[in-house]
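The values are calculated or read from the model by the stated rules, or taken from the named source; none is laboratory data. As the structure is a prediction and not an experimental result, all values here were calculated from the model. Positions of Cβ are backbone-derived with ideal geometry, glycine not excepted, and every protein chain shown enters the neighbour counts. When the accessible area is computed, the model is the full protein with side chains, heavy atoms only, and any ligands, DNA or RNA have been set aside. Shrake-Rupley method; radii C 1.70, N 1.55, O 1.52, S 1.80 Å.
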Amino acid sequence: MKTHLIYSLSALLVIAQSSFAQTERVTLEDVVTIARQQSIAAKQATTQKRTNYWQYRSFLADFKPQLGVNGILPGFTRSFIEVVQPDGTIAFQPISNNNSTVSLALSQNIPLTGGSIFVQKQIQRFDNFRDNNTLYNGIPFGIGLSQPLFRFNQMKWDRKIEPLKYAEGNQQFVESMEEVALNATGFYFDLLVAQVNLQIAEKNLMNNDTLYKIALKKLELGRISQNDLLQLELSVLTAKKDFASAQQTAEVSSLKLRTYMGYRDERRLDLALPTQIVPFQIDIQKAINEAFANRSASIGFRRRLLEAERDVDKAKKENGLNASLNAAFGLSNRGARFSDVYVRPQDREFVEVQFSVPIMTWGRAQARTETARANQELAKQSVEQDKLTFEQQIYTQVTLLQMLQKQVKLTSEADGIAQNRYQIAQNRFLLGDLSVTDLGIAMQEKDRAKRDAVLALRDYWQTYYTIRLLTLYDFEKDQKINY
């Protein structure tokens, strides 16, 4: 049995040494930097930011002059058409012609009124192939106006809401990058805890194996009982099982971290313990102020209230009198030649007012308006609740960070004490001054203290990056976070 245990231990240690033969030492800062540069989440955030930019550019372009050419070229027709004769009968006359039109127009939206104004030129050519003649008709110059009356002005509200959407999208990019840092930190500590557990398991396996060998010598000298020897042998078997389990957990955690941050290097990651913590104080009110100044949610609060107000205005104006004014003035002419269109052209005027008035709607108009008002009130209440929740999150995380700064220091001191205590207990056991049970308790306390120290660091750094995400402010450097 002794030979079997020694052989198994050697095999496990050989596997462990080979698995960590080629490693790369990385810090938490390294992992966060790589994740921000290479991870799929970071690339998606960058793509979304680019999409947000071009959507805003498209919005701005709608308020600039638009120049376009429209036309039908050619417009050839060969067919028979129905023609009503003077006596009321119908004759089907053959036709063969080309009716082409080209129009050049410059238009400009008017955000203040919701209408648009345009300037145009147009030329039309008609070719009658049966009679072999050609006619021209054109508009050398024309100006027109299309103006909704008493109607909902979408452009006015877009000028208020779209800039907020653009600013909100930009801040969402910063938040996404900070969220990448927070997620990378979580995966980092998952692997770090797994590596610490692996180190603990490896060391415990070696220690238990050494103590078991010593116990065999003590048994021969009659200085230890058979029961204590069996307990030490069981500890070796348990340590082997824990070591194998820790290896598997470390492999899985390493794969998750490498996958998330887009790491392509084949070397294994050996994570450094991020113990360099610079204590700093965060003023809660400043954190709240920075959050409301920087976060996309704060911009979203204003956007949501404006959208609710817009919906009320839309419900009111679309349920009453709807009218539109279309007017145009210009010059027009026709002739057998193209140049005839520009010789002494005649005035061309066009004016029309279209309207619709709902008479009997059975309360539909009022219902729509009241629904919009109720939704507006709900939006106000939701925004107020979200603001309170937002402030509470910041207050909780800031308070937690201050507490965790002390917690990290205390758990680090406790870890050092537990390691020293176990070393003393091990020496006492070798001298025969301590039982196997007390030695096992000391080992468990040593392992628990080491894990508690790492978990305290994990909680601290995750809270640290959570505060950065919630406020988009770097309190260590005392500046806003930008990318």
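State all residues of the range 429-450 that are touching an Asp or Glu at 6+ places or on another chain (Cβ under 9 Å) and modelled with pLDDT of 80 or more; if no residue qualifies, say none. Passing the criteria: 446, 449, 450. Among the conditions (1) touching a helix residue (DSSP H, G or I) at 6+ places or on another chain (Cβ under 7 Å); (2) crowded, with 16+ Cβ neighbours inside 10 Å, residue 38 misses just one, which is (2). Within the range 398-415, not a single residue is over 30 Å from residue 181 (Cα atoms) and part of a helix (DSSP H, G or I). Screening residue 383 with (1) within 30 Å of residue 316 (Cα to Cα); (2) open to solvent by 50 Å² or more (accessible area, probe 1.4 Å); (3) not basic (Lys, Arg) gives one miss only, at (2). The listed residues are 395, 460, 422, and the only one of them that is under 24 Å from residue 292 (Cβ atoms), in contact with a helix residue (DSSP H, G or I) (Cβ under 8 Å, 6 or more places away or on another chain) and aromatic (Phe, Trp, Tyr) turns out to be 395. Comparison of 3, 51, 77 shows that the only residue that is at pLDDT 90 or above, open to solvent by 30 Å² or more (accessible area, probe 1.4 Å) and in a helix (DSSP H, G or I) is 51. Please determine whether any residue of the range 141-155 is farther than 30 Å from residue 310 by Cα and open to solvent by 70 Å² or more (accessible area, probe 1.4 Å). Yes, some residue in the range 141-155 is farther than 30 Å from residue 310 by Cα and open to solvent by 70 Å² or more (accessible area, probe 1.4 Å). Listed conditions (1) within 23 Å of residue 225 (Cα to Cα); (2) free of Cβ contacts under 8 Å to residues at least 12 places away in the same chain; (3) in a helix (DSSP H, G or I) are all met by residue 440, apart from (2).
Under the condition of being open to solvent by less than 40 Å² (accessible area, probe 1.4 Å) and in a strand (DSSP E or B), the residues counted in the range 108-122 number 3. Within the range 419-436, take every residue that is in a helix (DSSP H, G or I) and free of Cβ contacts under 8 Å to residues at least 24 places away in the same chain and give me the one that is nearest to the chain's Cα centre (by Cα). In this case the residue turns out to be 420. Pairs linking a residue in the range 375-401 that is within 18 Å of residue 303 (Cβ to Cβ) to a residue that is modelled with pLDDT under 95 and outside any helix (DSSP H, G or I), with Cβ atoms under 9 Å and 6 or more positions apart or on different chains, are 390/295.
Looking only at residues that are open to solvent by less than 100 Å² (accessible area, probe 1.4 Å) and not in a strand (DSSP E or B) in the range 80-96, which one is modelled with the lowest pLDDT? For the range 80-96, the residue satisfying everything is 88.
So is residue 168 part of a helix (DSSP H, G or I), in contact with a Phe, Trp or Tyr (Cβ under 6 Å, 6 or more places away or on another chain) and open to solvent by less than 60 Å² (accessible area, probe 1.4 Å) or not? So residue 168 does not fit the description; no. Of the set (1) open to solvent by less than 100 Å² (accessible area, probe 1.4 Å); (2) assigned to a strand (DSSP E or B), all apply to residue 59 but (2). Tell me, yes or no, whether the range 234-251 has at least one residue that is in a strand (DSSP E or B), open to solvent by less than 60 Å² (accessible area, probe 1.4 Å) and not acidic (Asp, Glu). Looking through the range 234-251, none of the residues is in a strand (DSSP E or B), open to solvent by less than 60 Å² (accessible area, probe 1.4 Å) and not acidic (Asp, Glu).
Selection of the range 413-454 for residues being of a type in the set (Ser, Thr, Tyr) and surrounded by 17 or more Cβ atoms within 10 Å (Cβ to Cβ) yields only 422.
The numbered conditions (1) modelled with pLDDT of 90 or more; (2) in contact with a helix residue (DSSP H, G or I) (Cβ under 8 Å, 6 or more places away or on another chain); (3) under 30 Å from residue 391 (Cα atoms) are all true for residue 277 except (1). Cβ-Cβ contacts under 7 Å between residues 6 or more apart (or on different chains), taken from a first residue in the range 84-113 that is under 29 Å from residue 66 (Cα atoms) to a second residue that is of a type in the set (D, E, K, R) and part of a loop (DSSP other than H, G, I, E, B), are listed as 109/62. With respect to (1) touching a residue at least 60 places away in the same chain (Cβ under 8 Å); (2) among the basic types (Lys, Arg); (3) out of contact with any helix residue (DSSP H, G or I) (no Cβ under 7 Å at 6 or more places or on another chain), the lone exception for residue 344 is condition (1).
If you filter the range 335-369 down to residues that are in contact with a Phe, Trp or Tyr (Cβ under 6 Å, 6 or more places away or on another chain) and open to solvent by 70 Å² or more (accessible area, probe 1.4 Å), you find that the one that is nearest to residue 127 (Cα to Cα) is 338. On the basis of being of a type outside the set (Gly, Ala, Ser), at pLDDT 90 or above and in contact with a Phe, Trp or Tyr (Cβ under 6 Å, 6 or more places away or on another chain), does residue 302 make the cut? Taking the combined requirement at face value, the residue does not satisfy it.
Can you find even one residue in the range 211-223 that is among the small types (Gly, Ala, Ser), free of Cβ contacts under 8 Å to residues at least 40 places away in the same chain, open to solvent by 10 Å² or more (accessible area, probe 1.4 Å) and touching a helix residue (DSSP H, G or I) at 6+ places or on another chain (Cβ under 9 Å)? No. From the list 308, 315, 287, 291, the lone residue that is within 25 Å of the chain's Cα centre (by Cα), under 30 Å from residue 115 (Cβ atoms) and open to solvent by less than 30 Å² (accessible area, probe 1.4 Å) is 308. Tell me, please, whether a residue that is more than 30 Å from residue 461 (Cβ to Cβ) and in contact with a Pro (Cβ under 6 Å, 6 or more places away or on another chain) can be found in the range 321-329. Yes.
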